[in-house]
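Peer 1: Quick one: the structure is below, and I'll ask about it shortly.
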Amino acid sequence: MRKPQRAYRDSLFRDIFNNADRLPEIYEALLGIKTTASDITLATINETLFSGIKNDVGFIVGSQHVLLTEHQSTINANMPLRMLMYLAEIYRRYVDADAVYRKRLIPLPAPKFYVFYNGEVEMPDLWTLHLSDAFDDYRGDIDLAVKVLNINDKPNRPILEKSHALKSYSVFVAKVRERLKSGSALETAISESVRYCIAHNYLEDYFRQKQEEVFDMLNFAWNQERALEIRAEEARADGRQEGRQEGRQEGRQEGLTTSIRNVMHSMNFSVEKAMDVLQIPADERAKYAALVSQRV
């Protein structure tokens, strides 16, 4: 089997849809409002050493809306909180730092929040998560609603009928899963699914241009999923052994260091790539690299 040429930190979804030419269709499918690529400004947040924040796709349409969209294969009840953090960061960049101290009202694009779900657990076409769900029985002075749309490839799914790009992504993922379940290796499943999409005009240009990159992105995603499973298994084992000590900082460091080493060994990864798939924060990587080297 070929080995990936590079480790991709971006997901396939992020790579496809951070494209101003594809976003007018997404905007119209979600809000029923037409726009053009020239009215769209990408506002996706890329992870930095200082913020540690990274979202999938964010874009501003004229001065009307800012849309934040995420892709997920599992349900995350904390998504409204994450969206609030993303929005604050985008507004911080959008507004001049001194403007907030002036008397005149600052016009802002109105926010809209969406999650595109394509996990294997059956879910409805549409449901909503609220920030206020985290407030227990207390009432707060703020709420934030995130619409979750099921984009698994099924007949008569409204969002897929409105967006050919989302439909194409959904078809590709479904084909990869179908081939994996039939026993194909990941490389074969991806290659056959790419050819299927090209032949049936599902993001044909994209898949023609990026066949190699698609494998690398999905290979990274599958490795990341397995690495996180290893980490969870070890955390459970540590919990049984350490009892009430599991929350101590020393225990956490030891557990993550062990996880990094195990991922390096089981997947033949470098320390940097192992920390990629385990999602070690950027500001902690030097520390863990040093701890790993001490134990090798």
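Peer 1: Quick one: if you stick a label point 7 Å off each Cα along the C-beta vector at Arg177 and Glu28, how many nm between them?
Peer 2: So the label points at Arg177 and Glu28 sit 2.8 nm apart.
Peer 1: OK, next. For Asn76 paired with Arg139, estimate the spin-label separation in nm (one decimal), with each label point 7 Å from Cα along the Cα-to-Cβ line.
Peer 2: 3.1 nm
Peer 1: Still on this structure, I have one more. Karplus couplings for segment 23-33 from phi (6.51 cos²θ - 1.76 cosθ + 1.60, θ = phi - 60°), rounded to Hz, Gly and Pro as x?
Peer 2: Per residue, the Karplus-derived 3J(HN,Hα) values read 6, x, 5, 5, 4, 5, 5, 7, 10, x, 10 Hz.
Peer 1: Follow-up question, since we're still on this one. For the pairs Lys112/Lys273; Lys147/Lys167; Lys34/Lys154; Lys103/Lys147, flag any whose C-alpha to C-alpha distance is greater than 23 Å.
Peer 2: Going by Cα-Cα distance, Lys112/Lys273; Lys34/Lys154; Lys103/Lys147 fall outside the 23 Å limit.
Peer 1: Could I ask something else about it? By how many nm would the segment from Thr36 to His200 lengthen if fully extended, with 0.36 nm per residue of separation less the alpha-carbon distance?
Peer 2: Values: separation 164, 0.36 × 164 = 59.04 nm, distance 2.58 nm.
So the chain would gain 56.5 nm between Thr36 and His200.
Peer 1: To the nearest 0.05, how large is the calculated FRET efficiency for Ser293 and Leu186 if R₀ is 22 Å and r is the Cβ-Cβ distance? Working shown, then result.
Peer 2: Values: r = 31 Å, r/R0 = 1.40.
So the FRET efficiency works out to roughly 0.10.
Peer 1: Label His130 and Val95 with points 7 Å out from Cα along Cα→Cβ: what is the distance between them in nm?
Peer 2: A separation of 2.6 nm, rounded to one decimal place.
Peer 1: Using amide H atoms built in the peptide plane, which far-off residues or other-chain residues are under 5 Å from Val115 H to H?
Peer 2: Counting only residues 5 or more places away or on other chains, the set is Glu70, Lys147, Val148, Leu149.
Bear in mind these aren't lab numbers, they're just calculated from the coordinates by the rules spelled out. Only a predicted model underlies this, so the values are computations on that prediction, with no experimental measurement involved. Cβ: placed from backbone, ideal geometry, glycine included. Neighbour counts: every protein chain shown.
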